[in-house]
Amino acid sequence: MSDKLPMEFQYLVLFAALSGQRFTKSALGIELKVAEIDRLAATTKLIEVERRGNTRSLWANEATVRWAGEHLGIVLPGRNKAVFEILDLLRTRTDAFLKINRIPLAEFLRPAGTATATEAPPLPPAAPAPAIDQIRAAYLAVSSGAYDARVLLKDLRKHLALPRAEQDGALLNLIRAGEADLYPEDDPMSRDEEDDRAALVLADRRRHVIYLRREQRT
């Protein structure tokens, strides 16, 4: 079906699947007309659309993700903004996946079937990533690759293979470095016992939510 869809619509579907967030076509510099987006969304069911006047808010559904998984190998022609945004999202999501699953990049890039135990010595087991790196990878996994996104500590901790004390120490180091902010969830109807157990106590207050900024490289 992909060869029958306008390439710019395929961009929208791929971006929606990879981002996991709502967005507008203007964010990608897509020139596809609003009426064409409405028609294709209605006929293919590959993307969700919310109509507000001439603006369209777009996001993924199950069909979006399924289609993207079957078409990641499609050619992305041109050098427009949409192509760069899709490739950057794919890079970020791949980085988070490799870190959480402790898969070395060399192993990930090795062509299937080209290295066996008799052809080359096996790679040594991957060493655990430093605690802060694990937290970054876990955050990106929960936030679908987005920084400055609201993430619950209870969801973050589910992705960490670290003792609680190491998790808390790394979180405090990120706060001291100005790379993370933690906030309480003050609405009792929006939190549960699991939120409170996962919270980090600062200044006698439980902090349930983390916002992580992009790493500052020097």
**Request:** Just give me the residues in segment 176-186 being hydrophobic (A, V, I, L, M, F, W, C) and at pLDDT below 90, in sequence order.
**Result:** 177
**Residue satisfying condition, being modelled with pLDDT under 90 and either closer than 17 Å to residue 155 by Cβ or charged (D, E, K, R) (or both), within set 207, 191** = 191
**Message:** From the list 150, 217, 197, exactly one residue is surrounded by fewer than 16 Cβ atoms within 10 Å (Cβ to Cβ), modelled with pLDDT of 90 or more, closer than 23 Å to residue 89 by Cα and not assigned by TED's automatic domain parsing to the domain that holds residue 89. Which is it?
**Reply:** 150
**Request:** Within segment 106-140, work out how many residues are of a type outside the set (D, E, K, R), modelled with pLDDT of 70 or more and surrounded by 11 or more Cβ atoms within 10 Å (Cβ to Cβ).
**Result:** 10
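Among the helices (runs of 4 or more DSSP H) lying completely within segment 137-218, list those that include at least 3 residues that are on the phi < 0 side of the Ramachandran plot and over 17 Å from the mean Cα position of the chain (by Cα).
Correct list: 164-176, 193-198.
The values are calculated or read from the model by the stated rules, or taken from the named source; none is laboratory data. On a predicted model such as this, the values are computed, not experimentally measured, just so you know. Note: ideal-geometry Cβ built from the backbone for every residue, glycine included; neighbour counts use all protein chains shown.
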